[in-house]
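Asks: Okay, handing you the structure first.
Every number in this text was worked out from the coordinates using simple rules, so none of it is lab data. Computed from a predicted structure; not experimentally measured. Methodologically, a virtual Cβ is constructed for each residue, glycine included, from the backbone with ideal geometry; neighbour enumeration extends over all protein chains shown.
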Amino acid sequence: MIATIYWDKNAVIILDQNELPAQIKYIRCEDYHALVHAIKTLQVRGAPLIGVAAAYGLALAVWKSSQENSALEDLYNLAEQDFAASRPTAVNLFWAIRRMRGVFDQCKGQDRDSIARRLLNEADKILAEDVSINQSIGDIGAHLFKEKVRIMTICNAGALATGGYGTALGVIRSIHQNGNLQQVWACETRPVLQGARLTVWELSQDQIPVTLITDSMAAYVMSRDEVDVVIVGADRIAVNGDTANKIGTYGLAVLAAYHKIPFYVAAPMSTVDFSMNSGKMIPIEERHHDEVRQIRGTYITVPEVKVFNPAFDVTPGELVSAVITETGIIRPPFFRTDI
């Protein structure tokens with residue numbers, strides 16, 4: 001399986017996902033600013049992978065610094081703020097930042113080299129744990145399906161969006177390995193085409209049967225009784241099950257409910273934000289208008305047209321059949337702690 005991120009000789013190496021599927025290109029990030037830029041520009045994307053990248057970026061900031069004591073802490077605080085501002089919706093980013101902060105605070109008083117090694121070791125752990133968690137999500141989700149199944153998904157919640165294996169695509173991988181996968185319907189995922197560019201490429205690499213459709217074709221495919229289940233990833237989940245995921249997910253959930261098709265969310269527990277009681281509290285990132293005006297640098301509309309470009313929408317918890325996590329299948333009332 002292709003590596004999305006790793007440490008190599010005082011730098012963080014990332015797979016440039018903007019270049020896929022045309023070419024496999026890796027970028028060497030020599031300082032943490034390069035990783036912040038990579039997250040903002042979608043060279044690195046996917047909620048779990050963004051968290052991993054931020055962890056390595058914070059380690060890199062200390063590793064490359066010549067500062068000590070309070071000056072080093074000032075640098076770390078600035079790097080932390082830069083990563084926190086890079087993508088506001090994905091809660092895994094903030095989970096990773098908090099975890100790395102805990103390590104940094106434990107190391108206060110030690111020399112810079114010792115702190116850098118501790119932070120790098122923690123980033124390595126976060127990456128390894130993410131792969132293991134995704135494999136558990138896949139295996140747990142696969143047990144839901146005992147017969148051949150046709151699955152629809154949107155965006156890319158696979159190995160490319162994580163440290164490896166994937167969440168929604170991790171479930172699909174495990175179903176395929178069990179011999180119970182008949183077909184994957186991959187929505188193209190406008191405006192950045194993560195489904196067309198990334199999901200189709202990733203599944204094709206593993207010889208998993210996939211058919212690409214435009215987002216607007218989902219209802220018709222469902223109406224033909226060609227979809228048994230919808231499985232998507234998540235960038236943040238509120239305790240009531242409201243789920244923020246790539247724009248278009250909410251529409252799929254509404255269509256699935258109308259056609260009486262189960263709608264599953266696959267995500268690690270780190271994606272659950274226990275500070276948010278509902279999806280109304282989830283910040284929704286709005287991205288550059290040219291993502292809608294253009295496709296791969298070519299204008300497809302009037303260049304100055306006004307654009308609304310939210311990167312995510314929120315699917316109400318009542319439309320979610322269950323959340324597949326590494327701890328098990330979570331059904332309504334989901335993550336409520338007051339009952």
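Asks: Compute the signed sum of charges (Lys and Arg +1, Asp and Glu -1) over the other residues within less than 11 Å, Cβ to Cβ, of VAL320.
Replies: Around VAL320, the charge tally is -1.
Asks: Shifting gears a bit: Whole-Hz ³J(HN,Hα) for each residue in region 306-321, computed from phi via Karplus 6.51 cos²θ - 1.76 cosθ + 1.60 with θ = phi - 60°, x for glycine and proline: what do you get?
Replies: Calculated HN-Hα couplings, in order: 5, 10, 10, 9, x, 7, 9, 10, 10, 8, x, x, 5, 8, 9, 5 Hz.
Asks: Put +1 on the Cβ of each Lys and Arg and -1 on the Cβ of each Asp and Glu in the chain; which of MET269, ILE231, VAL184 then has its Cα farthest toward the positive end of the dipole?
Replies: Value computed over the given set: VAL184.
Asks: Helix-only mean residue ellipticity at 222 nm, the chain, DSSP H runs n ≥ 4 weighted -39,500 (n - 2.57), per residue, nearest 500. What is it? Don't skip to the end; give the middle numbers.
Replies: Working: 10 runs with 125 residues, N = 339.
It lands at -11500 deg cm²/dmol.
Asks: Could you go through region 127-137 in sequence order and give the Karplus-derived ³J(HN,Hα) for each residue, using 6.51 cos²θ - 1.76 cosθ + 1.60 with θ = phi - 60°, rounded to whole Hz, and x for Gly and Pro?
Replies: My calculation for region 127-137 gives 5, 5, 5, 4, 4, 5, 4, 5, 5, 5, 4 Hz in order.
Asks: For region 5-135, taking Cα atoms only, what is the radius of gyration to one decimal and the Dmax to the nearest whole Å?
Replies: Gyration radius and largest Cα-Cα distance of region 5-135: 14.0, 48 Å.
Asks: Enumerate the whole-percent occupancy of each 5 Å bin, from 0 to the last occupied one, for all C-alpha pair distances of region 75-166.
Replies: Over region 75-166, the share of Cα pairs per 5 Å bin runs 2, 11, 16, 19, 17, 12, 9, 6, 4, 2, 1, 0 percent.
Asks: Which residues' amide hydrogens lie under 5 Å from the amide hydrogen of GLN294, considering only partners 5 or more residues apart or on another chain, with H built in the peptide plane?
Replies: ILE300
Asks: Taking +1 at the Cβ of each Lys and Arg and -1 at the Cβ of each Asp and Glu, which of ALA59, ALA159, THR89 sits farthest along the dipole of the chain towards its positive end, judged by Cα position relative to the Cα centre?
Replies: ALA159
Asks: What residue among GLY297, ALA253, PHE335 has its Cα farthest toward the positive end of the dipole of region 229-339, where the charges are +1 on Lys, Arg and -1 on Asp, Glu, each on the Cβ?
Replies: Working it through, the farthest residue towards the positive pole turns out to be ALA253.
Asks: If you place +1 on the Cβ of every Lys and Arg and -1 on the Cβ of every Asp and Glu, how big does the dipole about the Cα centre of the chain come out, in debye to the nearest 20?
Replies: Charge dipole of the chain: 380 debye, to the nearest 20.
Asks: A further question on this structure: To the nearest µm²/s, what D does Stokes-Einstein give for region 178-322 at 37 °C and 0.692 mPa s, using the Kirkwood radius over alpha carbon pairs as Rh?
Replies: Once the numbers are plugged in, D ends up at 200 µm²/s.
Asks: Test of understanding: ordering THR298, THR243 by Cβ neighbours within 10 Å, fewest first, what list do you get?
Replies: THR298, THR243
Asks: Can you sort TYR250, TYR76, TYR258, TYR26 by how many other beta carbons sit within 10 Å, fewest first? All intermediate terms of the calculation are to be shown ahead of the outcome.
Replies: Numbers: TYR250 19, TYR76 22, TYR258 11, TYR26 15.
Starting with the residue having the fewest Cβ neighbours, the order is TYR258, TYR26, TYR250, TYR76.
Asks: Averaging the inverse of every distinct alpha carbon separation and then flipping it gives the Kirkwood radius. What is it for the chain, in angstrom units?
Replies: 20.3 Å
Asks: Just how large is the dipole of region 141-330 about the Cα centre, in debye to the nearest 20, putting +1 at every Lys and Arg Cβ and -1 at every Asp and Glu Cβ?
Replies: Dipole magnitude for region 141-330 comes out near 220 debye.
Asks: Then there's this: Contact order normalised by length for region 141-330, with contacts defined as Cα pairs under 8 Å and 6 or more residues apart; what percent is it?
Replies: 22 percent
Asks: Below 14 angstrom from the Cβ of SER216, what's the summed charge of the other residues (Lys, Arg +1; Asp, Glu -1)?
Replies: Net charge around SER216: -1.
Asks: Also, I was wondering about something else. If you build the Cα gyration tensor of region 226-269 and take the root of 5 times each eigenvalue, what three semi-axes come out, in whole angstrom, biggest first?
Replies: The three semi-axes for region 226-269 are 19, 10, 9 Å.
Asks: I've got another one for you. Sequence neighbours fewer than 8 away in the same chain don't count; with that in mind, list the aspartates and glutamates whose C-alpha is under 14 Å from LYS260.
Replies: Partners within reach: ASP225, GLU226, ASP228, GLU318.
Asks: For region 11-22, what does the Karplus curve 6.51 cos²θ - 1.76 cosθ + 1.60, with θ = phi - 60°, yield as ³J(HN,Hα) per residue in whole Hz, taken in order and with x for Gly and Pro?
Replies: 8, 9, 9, 10, 7, 7, 6, 6, 8, 6, x, 5
Asks: Amide H neighbours of TYR26 under 5 Å, counting only residues 5+ apart in sequence or on other chains, H built in-plane at 1.01 Å?
Replies: Residues meeting the amide H criterion: ASP16.
Asks: How high is the relative contact order of region 5-135, in percent, counting Cα pairs under 8 Å that sit 6 or more residues apart?
Replies: With pairs under 8 Å counted, the relative contact order is 24 percent.
Asks: Could you put MET281, MET269 in order, starting from the residue whose Cβ has the fewest other Cβ atoms within 10 Å?
Replies: Arranged by neighbour count, lowest to highest, MET281, MET269 become MET281, MET269.
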